[in-house]
Ligand code: ARG
Ligand code: GLU
């Protein structure tokens with residue numbers, strides 16, 4: 001009875017919309033007012049959609065930035081202080097690290113502004129506004145057009161819109177497709193280019209639990225790092241210069257000390273990269289039964305080798321830390337995704353939907369004509385795609401999983417320009433300079449024996465799993481001359497090439513003249529890389545892009561049809577690296593029979609996991625003593641414990657790392673950094689029973705900065721509310 005009353009009440013409050021308190025959806029910030037505000041308020045939100053996104057006054061959107069190319073970050077002070085994840089700042093932290101200054105291991109804290117470390121190439125991008133420009137982009141499009149004509153018209157319209165905008169503005173504009181090319185938005189941005197490292201905890205906090213705990217709940221990771229944006233003295237984005245000053249944002253987030261409890265309203269504002277919720281079952285089968293398993297196999301081999309060597313020396317561990325984390329992260333996610341799709345019977349659910357869809361499509365002659373043949377067409381195209389996609393995956397994850405191959409590939413442009421346009425010295429110098437920089441960073445983190453073992457292994461796996469028609473010609477050499485002895489072949493190529501020798505490469509680039517391209521052309525690794533590229537662009541890419549153009553256009557029509565079939569449903573577009581809002585309540589879940597996960601973790605769990613003999617579970621002495629003394633300062637929860645992480649029903653994805661997690665008042669209560677393993681299939685199929693986002697409790701962040709790192713001076717510029 002109680003339950004019924006509650007249901008009745010909420011329907012009255014929410015109205016008769018389709019939405020339930022499910023947590024599914026990554027919503028467009030400019031449409032919140034129209035689509036979501038009512039529901040958000042019914043769920044407990046105290047602020048308005050206008051506080052989140054407004055063009056008339058400063059709003060929260062002015063404090064969210066795309067960090068680098070793949071993460072989210074948020075401003076937490078009036079002086080450009082930028083908070084993101086440890087794993088988002090990882091590359092920057094690693095680049096400043098050496099055996100003498102191991103900031104990965106020991107952490108880093110600037111004790112004043114002068115000590116903040118510049119990171120050339122690192123950017124932070126602010127979205128200024130977004131506008132629906134669908135009509136302008138689709139101007140001149142007719143149903144009679146071929147796909148090619150359609151594409152060309154759209155491209156021309158989009159380019160014109162961007163040009164017209166940028167003519168009168170200092171900002172950059174880009175046109176982004178939404179709902180599978182059914183809608184378009186112009187996204188206007190400003191990119192900051194001087195982003196300095198302010199602080200990072202030791203990895204034993206920022207990456208506590210390492211890859212063992214990655215993608216898992218319960219979690220105890222202090223996954224944060226701090227940066228600061230600098231601008232030129234006149235307030236404009238500029239690359240690093242001593243004269244630059246801290247950025248003064250239009251908005252920054254106040255930080256709440258009140259914590260989060262089960263059932264509390266939360267929302268996340270950030271940059272999810274890519275999701276695919278509306279695919280047909282054939283695509284899900286292809287991804288989870290063919291593509292993922294092959295990639296998982298190749299990555300497992302690479303990771304085993306990395307691990308073996310990392311355990312032999314701290315130097316190699318640092319060298320391979322960032323690569324290892326990247327490879328392992330995707331690897332584990334794919335495993336979780338395949339598993340989740342199976343467990344939630346996602347393919348069967350899609351198939352059931354497809355039955356209904358087919359019936360709906362067949363119900364009128366007009367619909368039959370437009371949509372009746374969609375699903376059979378999808379089936380056919382996905383069958384055609386399979387062998388090519390598999391070849392591409394093996395080329396990319398297999399052959400290009402060999403580091404030296406990727407490095408060799410970066411010389412192709414130099415050879416091409418030297419051979420065809422030796423007179424174009426300007427262009428040649430640009431390429432040379434780029435290579436001189438990339439050569440340094442390549443060798444800084446390159447350990448040949450690792451790569452040699454990887455090469456022998458991956459070549460063997462490639463050879464055994466890919467049909468002969470998809471093998472570059474050097475496999476014939478491996479078969480005939482080396483009798484399938486992959487290790488011997490590997491040794492041979494390394495002996496014949498100079499690209500694995502930092503001194504030789506440096507000298508070569510330093511004295512480079514156009515005619516030297518001949519030396520590269522004779523180099524074994526260069527030859528292999530070149531053939532790899534040519535092979536792919538001749539035998540795989542053309543067919544693959546033809547077929548994916550086909551699925552794209554089918555998908556455009558299928559998306560439109562799905563929306564037409566369910567006119568009352570609020571649809572949200574798949575993630576496309578644009579700013580989105582997702583909201584849901586804090587709360588645990590049951591991952592399997594008889595297991596119940598709670599909403600938050602505490603420092604007690606860190607101590608339970610502690611094991612000085614396992615790298616991932618070592619706990620810094622200072623953290624231990626703070627725990628022993630229960631010295632949590634004002635950061636402890638009302639229950640007296642120190643909370644570390646929490647889960648909530650927010651629909652997030654890769655790219656949401658570093659996103660602010662906000663309470664009903666719009667105050668910062670956490671930093672998103674992960675999802676639960678059982679829920680990683682949410683990119684393809686969201687399931688409210690098991691999909692959760694994992695966040696760092698903002699109080700643990702303050703505790704680490706203040707109590708553990710002695711960088712409490714930074715709190716002075718933050719707005720902390722109780
Ligand atoms: N799974 C999280 C994400 O996708 C965190 C990755 C970094 N952590 C790690 N242990 N590798 O980015
Ligand atoms: N760690 C992820 C990131 O890089 C976020 C986790 C997810 O995929 O949801 O963005």
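Odds and ends about this structure:
- Most to least packed among 615-621, 256-262 [average Cβ atoms within 10 Å]: 256-262, 615-621
- Burial ranking of peptide ranges 680-687, 509-516 (average Cβ count within 10 Å, highest at the top): 680-687, 509-516
- Highest mean packing first, where packing is the average number of other Cβ atoms within 10 Å per residue, the peptides 710-719, 336-345 line up as 336-345, 710-719.
- Extension gain from residue 426 to residue 167, taking 0.36 nm per residue of separation minus the Cα-Cα distance: 90.5 nm
- Paramagnetic label zone (point 7 Å from Cα along Cα-to-C-beta, residue 543; backbone N under 20 Å) in segment 271-287: 283, 286-287
- Rounded if a/c under 1.5, otherwise prolate or oblate - segment 420-474, Cα gyration tensor axes: oblate
- Expected-Rg normalisation [2.2 N^0.38 Å, Cα atoms] applied to segment 169-318: 1.48
- Solution diffusion estimate, µm²/s, Stokes-Einstein, segment 601-722, Kirkwood Rh from C-alpha pairs, 20 °C, viscosity 1.002 mPa s: 134
- Taking 0.36 nm per residue of separation and subtracting the current Cα-Cα distance, fully stretching the chain between residue 248 and residue 628 would add 132.8 nm.
- Principal semi-axes of the equivalent ellipsoid, √(5λ) from the alpha carbon gyration tensor of the chain, are 39, 35, 27 Å from largest down.
- Scattering from segment 143-242 was approximated by placing one identical point on each alpha carbon and applying the Debye formula without solvent; log10 I(q)/I(0) at 0.17 1/Å stands at -0.88.
- Solution diffusion estimate, µm²/s, Stokes-Einstein, segment 468-535, Kirkwood Rh from C-alpha pairs, 4 °C, viscosity 1.567 mPa s: 97
- Extension gain, residue 483 back to residue 496 (0.36 nm per residue minus Cα-Cα distance, nm): 2.8 nm
- Mean-position separation - Cα centroids, segment 291-335 and segment 117-180, in angstrom: 37
- Reciprocal of mean inverse Cα separation for segment 324-455 (Kirkwood radius, Å): 20.0
- Under 18 Å from the residue 437 label point (7 Å along Cα→beta-carbon), backbone N, segment 501-518: 506, 509-510
- Averaging 1/r over each pair of different alpha-carbon atoms in segment 548-608 and inverting the result gives 16.4 Å, the Kirkwood hydrodynamic radius.
- A helix-only calculation puts the chain at -13500 deg cm²/dmol for mean residue ellipticity at 222 nm, using -39500 (n - 2.57) for each DSSP H run of at least four residues, averaged over all residues.
- Centroid-to-centroid separation of segment 446-521 and segment 545-623 [C-alpha atoms, Å]: 39
Here, each number is a calculation from the coordinates, and none is a lab measurement. Here the structure is a predicted model, which means the values were calculated and not measured. Note: ideal-geometry Cβ built from the backbone for every residue, glycine included; neighbour counts use all protein chains shown.
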